[in-house]
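These notes are about the structure you will find just below.
Here, each number is a calculation from the coordinates, and none is a lab measurement. The model shown is predicted, which means the values in this text are computed figures rather than measured ones. A quick note on method: Cβ atoms are made from the backbone with ideal geometry, for glycine too, and the neighbour counts reach across all protein chains shown.
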Amino acid sequence: MAERLFWEELNPGDSAESLRRTVTEADVVNFCGVSGDFNWFHIDDVGAKDSVFGQRVAHGMLVTSIATGLQVEKMEPKIATAAFVGLDSWQFRAPVFIGDTIRVKRTIGEKAENEKNPKAGWCKYEIEVLNQEDKVVQRGVWNMLIQRKG
């Protein structure tokens with residue numbers, strides 16, 4: 001397994017960017033099946049042309065889910081994550097269309113001791129999901145539990 005940074009090694013303000021990933025038709029169709037969200041603006045190409053977006057859009061939660069994968073496996077340095085425990089003020093800032101290519105920028109935010117379990121510490125990731133035009137399409141804070149050394 002590749003080296004991973006532990007809680008003690010994370011410094012507020014440190015940032016990293018993931019590799020890119022293109023959102024595909026298959027992603028949208030598969031997410032419809034998994035989530036049960038078959039809203040017309042995700043699946044009706046003709047109807048979506050008359051929507052506020054002018055074309056089909058990827059599910060916001062699909063994009064968030066892809067972002068978690070990019071942050072975990074397509075970004076260096078990797079972090080010794082114990083658990084993803086929640087989102088703070090998560091915002092969908094712009095649509096993501098089929099064929100858009102996204103990446104994640106992660107900045108280490110606040111850190112705190114975990115009094116219930118000394119094997120891990122709390123950390124906030126300030127996350128931006130950017131498209132191929134460097135536009136922020138989603139942003140917010142991920143609350144993470146990070147393994148400690150030893």
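Listing for the model above:
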item	result
Residue of 86, 36, 109 that the Gaussian network model of the chain assigns the largest fluctuation, springs spanning Cα pairs under 10 Å	36
Hull shadow area, averaged, the chain [alpha-carbon convex hull, nm²]	9.8 nm²
Between the range 79-104 and the range 1-35, the alpha-carbon center distance in angstrom	8 Å
Enclosed volume per residue, in Å³, of the convex hull spanned by Cα atoms of the range 73-150	103 Å³
Residue 137 long-range amide H proximity, modeled H, under 5 Å	129, 130, 131
Extended-chain gain in nm, criterion 0.36 nm per residue less alpha-carbon gap, residue 117 and residue 6	38.5 nm
In degrees, nearest ten, helix 60-73 long axis to first principal axis of the chain (Cα)	40 degrees
Relative contact order for the chain, counting Cα pairs under 8 Å that sit 6 or more residues apart, in percent	31 percent
The range 4-147, dipole about Cα centre (Lys/Arg Cβ +1, Asp/Glu Cβ -1), debye to the nearest 20	180 debye
Ranking of 123, 32 by count of other Cβ atoms within 10 Å, fewest first	32, 123
Loop trypsin sites (Lys or Arg not before Pro), the range 1-57 (other Cβ atoms within 10 Å of the site Cβ: 11 or fewer; DSSP)	49
Per-residue HN-Hα couplings for the range 138-147 [Karplus 6.51, -1.76, 1.60; θ = phi - 60°; Hz; x = Gly/Pro]	8, 7, x, 10, 9, 8, 10, 10, 10, 4
Most fluctuating residue given options 118, 12, 77, as computed from a GNM of the chain linking Cα atoms under 10 Å	118
